[in-house]
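This report refers to the structure that appears directly beneath it.
We did not get these values from a lab; they are worked out from the coordinates using the rules stated. In this text, all values refer to a predicted model and were calculated from it rather than measured experimentally. Virtual Cβ from ideal backbone geometry, glycine too; neighbours counted across all protein chains shown.
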Amino acid sequence: MTDWNERYLRGETPWERGMSAPPLLELLEKVDPQIWGGGAVLVPGCGTGHDVRALAAKGFVTLGLDLAEEAFRRAHAHPKVGGEDYEIGDFLDDGWREGKRFSAIWEHTCFCAIDPSRREDYAKACAELIIPGGCLVGVFFLTPYDPGEEWTGPPFPSEVEELDSVFSPWFERETAWVPEAAYPGREGREWLAVYRRK
């Protein structure tokens, strides 16, 4: 099991790019803000909170969640830009989710970081937290499975067909596209999708 806090303390954080995910910024410019609903937005696995602040800067009440205390500390060290807050917690923990509801979830690097055996748990957690009619909005890092390769992650590989399958019990995909904006090295390897809660 990955010790995320230790990785922050050792500086082993290749996902930390010092800025918001370019596909999120593209999404915020191109897509009707109604997809976020009228309530709070959750960002699981938010790290140091760049995406949380990008959403808050657009006027959304946003909660960033992470397992790592060091990520939480660094997120809090940034000046507030709007209605954002942070918590330490486990998105997959039933106790953390109890009584919480959000109009949307922004997914970026959390799905690919969890063991693939828990992806149905992830989808179920999203379904429990998002109100009916709300949206799971995410950028997914696509890596095709190679049957001849033993994959050790994180990140773990995923494909569009798997994403649709794992979310389909609770969500319908409304739209998806390959974003024009990407971190260097990820061009054409990411996929933006909006799943509507049934």
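Points worth noting:
- Cβ-defined net charge surrounding Leu65, 11 Å radius [Lys, Arg +1; Asp, Glu -1]: -3
- Each Lys or Arg adds one and each Asp or Glu takes one away; over the other residues whose Cβ falls under 15 Å from the Cβ of Val178, this sums to -1.
- The relative contact order of segment 106-198 comes to 36 percent, based on Cα pairs under 8 Å that sit 6 or more residues apart.
- Likely footprinting exposure, Tyr195, Tyr183, Tyr122, fewest C-beta neighbours within 10 Å first: Tyr183, Tyr122, Tyr195
- Cα gyration tensor shape of segment 36-90, rounded if a/c is under 1.5, else prolate or oblate by comparing a/b with b/c: oblate
- Taking one quarter of the surface of the convex hull spanned by the alpha-carbon atoms of the chain gives a direction-averaged projected area of 10.7 nm².
- Candidates Glu120, Glu69, Glu29, ranked by Gaussian network fluctuation over the chain, Cα under 10 Å, top entry: Glu29
- Least to most buried among Phe156, Phe91 (fewest other Cβ within 10 Å first): Phe156, Phe91
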